[in-house]
Each structure stands twice: as structure tokens, then as C-alpha cells.
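K.L.:
A single structure is presented below for examination.
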Amino acid sequence: MTPDFSVFGETPSAPIALIATPGAEELATLIDKRLIKLFNESHLGKKLQKDTFLLKTDCPRFTNGDAKGLIYETVRGKDLYFICDPGNHGVKYTMMGMEVPLTPDEHFANLKRLICACTGKAQRMTVIMPMLYGGRQHRRNARESLDCAMMLQELEMMGVNDIITFDAHDPRVQNAVPRMGFDNYFAHYQILKSLVRKFPDIKLNKNNIMVISPDEGAMTRNVFYASVLGLDLGMFYKRRDYSTIVNGRNPIVAHE
């Protein structure tokens, strides 16, 4: 008889398993604890209990800085969720006697290593990426790369079925992979809850507060907040010096 690996009381297509890349262990542990609670509550009175959904993995480094992905448990027929946080700059490794922090490129490389280590045996693969790798470079203004689009196409080519991210810089980048799932969630409720808890004396009315968008790109998000809270909306305009180019961009002269 096939074991019941359901979490929400329904029979899943495959057993769920979590894989955390280096730097995403804290988030993966929180998700794992929640899944264990849901699983054990849905199996009350049954002998089947779950200790963890996390698989034991590693991305060890060679002395020259090269790395490899290792998965120490079977992934055959499992519904895998890879958790990767490219924005975590606190992860370091030793190379040539120096401590080197992981860049977003190396976080993404570790993700690909672990996907590669599955060798195509998983039933389904989903990537949870809180900050979308390469998301700031989502459109082409000149002869420049489209990193985010290439990243999504790489994951699709490697067999990833779906990607979950939060507040993508521009969700239209999903057009690069029209056949792959792309779930872009917004944390409006969590942000407002944190705001009220951090500043309990805040008064959400037009006489005491207004919403300011830091630039034109964030206007859609801030229009939502202003509309829901019934507040006035303002915007910063970045004035640039188009006669000068620094590191491939026109420097910002002033915010107005």
C-alpha cells in the first residue's frame, strides 16, 4: 500500500520534499515546520508521522573555488521545492585563504548544481526564489544582457515546472517562459501588519500620512497602497546627467 504523504488531507501527485540552497536554510526550516504541523494534524490517530520534509544536501567547495551539488537522499518520484535566496550576502566560503561572500550569481549557480544532482528523477520541480535573480535587469534599453530572462529559460530547460517569487521588479519578464509557471506574490498584508506593529501610534489618514513612491517603477505598487488606505500619493523623480556615463549608467544628480 502506498503511504499517504498528503499535507492538506488530499492525496498528492507525489511526496513533497524541500531542498535549501546555502543561505536559504532559515526560510526552508520555517516552511518545513509549518508543513510538519499541517501533516501531523491531518494524520491524527494514524501511525504515520513526519519529522521533516527537508532533504540533506550540500554544496562543498574545492580549493580553487569550484563547487558541486550533493543530495544525500533519494529524490525519485518526489515533488521537489528548491528554496534559493540570491539576495543573501551573508553566506561566505574560503578560497585561497580568503573569505568570499556569495554573490547572486553564485547563489543561482548553487541552485543549478542541486537541480543537476537530481538527474531528472524527480516527479516535479518548483523553485521558490524570494528575490528574483537578475530581476533588476528585466528589459533592454541598449546593447545589454537580459539576465532574468536567460535565468528563467535556463531553469525551464533544466526541467523546472514552476517558479515562485515575491514582488518581482517587473513580472512581465515571465513572457520569456510562457510554458512555465510563474507565481508572483505580493506581501501587502504582511507589510501593513509590520508597519502598524512597529509604529503603533501611526494614524492612517490623509492628515497624518501620505504614500511616496521612490521612483516611477514603483508607482503601480504605491497606487495600490494609496487606494486601499485612502491616502494621497507622491513620487520622487530621479534627475540624471545624460551627458555622463558611470559604470554603464547615467548618474543620478538629484531626487525631486
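K.L.:
I need the full set of residues from region 200-231 which are touching a strand residue (DSSP E or B) at 6+ places or on another chain (Cβ under 7 Å) and open to solvent by less than 90 Å² (accessible area, probe 1.4 Å), in order please.
P.N.:
VAL211, ILE212, SER213, ASP215, MET219, ASN222, VAL223, TYR225, ALA226, LEU231
K.L.:
Next question. Go through region 39-158 and tell me which strands (runs of 3 or more DSSP E), entirely inside it, have 2 or more residues that are open to solvent by less than 90 Å² (accessible area, probe 1.4 Å) and modelled with pLDDT under 90.
P.N.:
Counting at least 2 such residues, we get 92-95.
K.L.:
Residues in region 88-123 that are of a type in the set (Gly, Ala, Ser) and closer than 21 Å to LEU55 by Cα: how many?
P.N.:
4
K.L.:
Does region 103-153 hold any residues that are touching a Lys or Arg at 6+ places or on another chain (Cβ under 7 Å) and either hydrophobic (A, V, I, L, M, F, W, C) or more than 14 Å from LEU80 (Cα to Cα) (or both), and which are they? Reasoning before the result, please.
P.N.:
Our first condition is that a residue be touching a Lys or Arg at 6+ places or on another chain (Cβ under 7 Å); within region 103-153, this holds for 113, 121-123, 146.
Answer for region 103-153, where residues must be touching a Lys or Arg at 6+ places or on another chain (Cβ under 7 Å) and either hydrophobic (A, V, I, L, M, F, W, C) or more than 14 Å from LEU80 (Cα to Cα) (or both): ARG113, ALA122, LEU146.
K.L.:
Filter region 124-155 for residues that are within 13 Å of the chain's Cα centre (by Cα) and among the polar types (S, T, N, Q) and give the result.
P.N.:
THR126
K.L.:
If the Cβ limit is 7 Å and pairs must be 6+ apart or interchain, which residue in region 156-180 that is free of Cβ contacts under 8 Å to residues at least 40 places away in the same chain and more than 24 Å from ARG221 (Cβ to Cβ) pairs with which residue that is in a loop (DSSP other than H, G, I, E, B) and not hydrophobic (A, V, I, L, M, F, W, C)?
P.N.:
If the second residue must be in a loop (DSSP other than H, G, I, E, B) and not hydrophobic (A, V, I, L, M, F, W, C), the pairs left are MET180/ASN161.
K.L.:
Among ASP170, ASP147, which is over 18 Å from GLY248 (Cβ atoms) and not hydrophobic (A, V, I, L, M, F, W, C)? Lay out the reasoning, then the answer.
P.N.:
Working: ASP147 fails: over 18 Å from GLY248 (Cβ atoms).
Criteria check complete, one pass: ASP170.
K.L.:
If you don't mind, another one. Looking only at residues in region 232-256 that are aliphatic (A, V, I, L, M) and at pLDDT below 90, which one is least open to solvent (accessible area, probe 1.4 Å)?
P.N.:
The selected residue is ALA254.
K.L.:
Quick check on my filter: what residues within region 173-227 are assigned to a strand (DSSP E or B) and in contact with a Phe, Trp or Tyr (Cβ under 6 Å, 6 or more places away or on another chain)?
P.N.:
TYR185, VAL211 - these are the residues of region 173-227 that are assigned to a strand (DSSP E or B) and in contact with a Phe, Trp or Tyr (Cβ under 6 Å, 6 or more places away or on another chain).
K.L.:
Quick check: anything in region 216-237 closer than 22 Å to ASN141 by Cα and aliphatic (A, V, I, L, M)? Steps first, answer last, please.
P.N.:
Here is the first cut: in region 216-237, the ones closer than 22 Å to ASN141 by Cα are 216-220, 236-237.
Now drop any that are not aliphatic (A, V, I, L, M), which leaves 218-219.
Yes, there is a match, as at least one residue in region 216-237 is closer than 22 Å to ASN141 by Cα and aliphatic (A, V, I, L, M).
To keep it simple, each residue is scored yes or no on (1) out of contact with any Pro (no Cβ under 9 Å at 6 or more places or on another chain); (2) more than 16 Å from LEU27 (Cβ to Cβ).
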position: PHE62; (1), (2): yes, yes
position: ARG76; (1), (2): yes, yes
position: ASP79; (1), (2): no, yes
position: ILE83; (1), (2): no, no
position: PRO86; (1), (2): no, no
position: HIS89; (1), (2): no, no
position: GLN123; (1), (2): no, yes
position: THR126; (1), (2): yes, no
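K.L.:
Taking region 79-132 on its own, how many of its residues are hydrophobic (A, V, I, L, M, F, W, C) and either closer than 15 Å to ALA17 by Cβ or touching a residue at least 60 places away in the same chain (Cβ under 8 Å) (or both)?
P.N.:
15
The values are calculated or read from the model by the stated rules, or taken from the named source; none is laboratory data. Owing to the predicted nature of the structure, the values given are computational and were not obtained by experimental measurement. Virtual Cβ from ideal backbone geometry, glycine too; neighbours counted across all protein chains shown. Note: areas computed on protein heavy atoms with side chains; ligands, DNA, RNA excluded. Shrake-Rupley method; radii C 1.70, N 1.55, O 1.52, S 1.80 Å.
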